[in-house]
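Just below is one structure, and these are the notes that go with it.
The values are calculated or read from the model by the stated rules, or taken from the named source; none is laboratory data. Keep in mind that this is a model prediction, so the values were computed, not measured. Cβ coordinates were reconstructed from backbone atoms using ideal geometry, including for glycine residues, and neighbour counts include every protein chain displayed.
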Amino acid sequence: MINKRLLIKNLLSHNDENSFYDKKQKLSLSNKEGKAKFLKHICALSNSNPENNSYIVIGVSDERNEIIGVDFFDDSKIQNLVNAYLVNPPKIEYENVPFPRLQRHKVIGLVTIHPNNQITSLHKNAWKYQKGTIFYRSGSTSIPFNGNSFELRNTNKSVVESLEKNAGNNIELTLNGVFDFINNHKPEYHPKYKVFNEQFVLCWAGEKKIIKGIEYFTRVDIELINEQVRLFFSALDEVQISYNNRSFIITEFILLGINKKEIHYPLEKTIINFKDNGKHDIVTEFLFNPPKYDEVIIKHIYKNCNSVISKIESQKSLSVLEHEDVFRLPTNYLLCYLNGFLDSPNQLRKAKDYIKNIEDKTTYIKYKEAMRVVRKVKYN
């Protein structure tokens, strides 16, 4: 098993990006330019390493090679994006890797591009890049191929294999990971660990809540210590946790409703299965059945939200009631989206900077959670 934290350190020791490794300060997949540039790098790295893994490290400053971190990212859309835009798309994994000195909600993103030994190209136009374009890596740059016949060449296999071998896990790294996890969580979050199949160590923590006689956890943090990968992180959602000797099960709920008449709706179940061959797999089951409300009520909520957005865009002062409406904007727009107002996410994005600058970060956390649910609903 590869310790992903150690692998990232080994990759960063190559100060300059190269034909098997790239680093980014952040991903910008919410706009056409950001998507296209990400696809360009995936295409180029895949073509330059047809027989071994390639990597993109997210959350590192380019100039100083400093680990600064990014928010926990739900990768539900990345493989879909790659499959939609690339011919011979490689398998992509996005993993959230915690580092002890980062804030609890920050991680380093690790994108692994698995080899497929096929030429990868653009299936359709992406921003300024034309359909059919083949990219490859020349040093730290992803550039288009302008010749007549592209040939796959693998010159990095021994280097990458050595990097991955040197990132292998051991007992000391595993124990340090367990102690890091426990020490970084307050006692009220009940940090725990469990060993599965005598090979895998999984840690989890969360604030326990009893709602109508049912046990939930909020502010949940779950890590697979062997690989130093954060499997789940939530600042608000209520989660139910169960496990047996071979599986760990997370059922995620979201709280939705109007005028404080809120109900827990199951969103997604994630099952981590631990196998005898030293491997594990993660299976997700989408459970969400969105609530439906009276059309007149939802239309009124939608118009009210748009009115607040209009005042924010024009930089007009908000009334006391409108300030309270801002707190409910993420949840209300999510309800509107689930009831047929499909441009609600775009409307909500218009208020992102305003919400992000509010001193109390609760509304911004709600914003990120609402957008995450929109992505899950869209791609399921």
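Quick look at the values:
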read-out: Test: residue in the range 118-126 that is surrounded by 13 or more Cβ atoms within 10 Å (Cβ to Cβ) and either among the hydroxyl-bearing types (S, T, Y) or touching a His at 6+ places or on another chain (Cβ under 8 Å) (or both); value: yes
read-out: Among the residues listed as G109, G147, the single one being of a type in the set (G, A, S) and at pLDDT 95 or above; value: G109
read-out: Unique residue being more than 23 Å from S140 (Cα to Cα), of a type outside the set (V, I, T), in a strand (DSSP E or B) and not assigned by TED's automatic domain parsing to the domain that holds K186 when the list is N80, N96; value: N96
read-out: Condition met for V229 (touching a residue at least 40 places away in the same chain (Cβ under 8 Å) and either aromatic (F, W, Y) or surrounded by 15 or more Cβ atoms within 10 Å (Cβ to Cβ) (or both)); value: yes
read-out: All strands (runs of 3 or more DSSP E) inside the range 105-204 with 2 or more residues being free of Cβ contacts under 8 Å to residues at least 60 places away in the same chain and in the same structural domain as I8 (by TED's automatic domain parsing); value: 106-113, 141-144
read-out: Any hit, the range 355-368, residues being touching a strand residue (DSSP E or B) at 6+ places or on another chain (Cβ under 8 Å) and either assigned to a helix (DSSP H, G or I) or at positive phi (or both); value: yes
read-out: Exclusive hit being of a type outside the set (F, W, Y) and within 28 Å of L231 (Cβ to Cβ), set G109, G132, G147; value: G109
read-out: Top-ranked residue of the range 349-364 - restricted to ones that are surrounded by fewer than 17 Cβ atoms within 10 Å (Cβ to Cβ) and of a type in the set (V, I, T), ranked as farthest from N289 (Cα to Cα); value: I358
read-out: Matching entry among K32, K26 (being in contact with a strand residue (DSSP E or B) (Cβ under 8 Å, 6 or more places away or on another chain), farther than 21 Å from P98 by Cα and surrounded by fewer than 19 Cβ atoms within 10 Å (Cβ to Cβ)); value: K32
read-out: 3 or more residues in contact (Cβ under 8 Å) with a residue 40 or more places away in the chain and surrounded by 14 or more Cβ atoms within 10 Å (Cβ to Cβ): qualifying strands (runs of 3 or more DSSP E) within the range 240-306; value: 247-258, 261-274
read-out: Some residue of the range 358-379 being at pLDDT below 95, of a type in the set (D, E), out of contact with any Leu (no Cβ under 8 Å at 6 or more places or on another chain) and not assigned by TED's automatic domain parsing to the domain that holds K106; value: yes
read-out: Complete set of residues in the range 23-70 that are of a type in the set (A, V, I, L, M) and in a strand (DSSP E or B); value: I56, V57, I58, V60, I67, V70
read-out: Check on Y379, touching a Ser or Thr at 6+ places or on another chain (Cβ under 6 Å) and either among the aromatic types (F, W, Y) or under 22 Å from K299 (Cβ atoms) (or both); value: yes
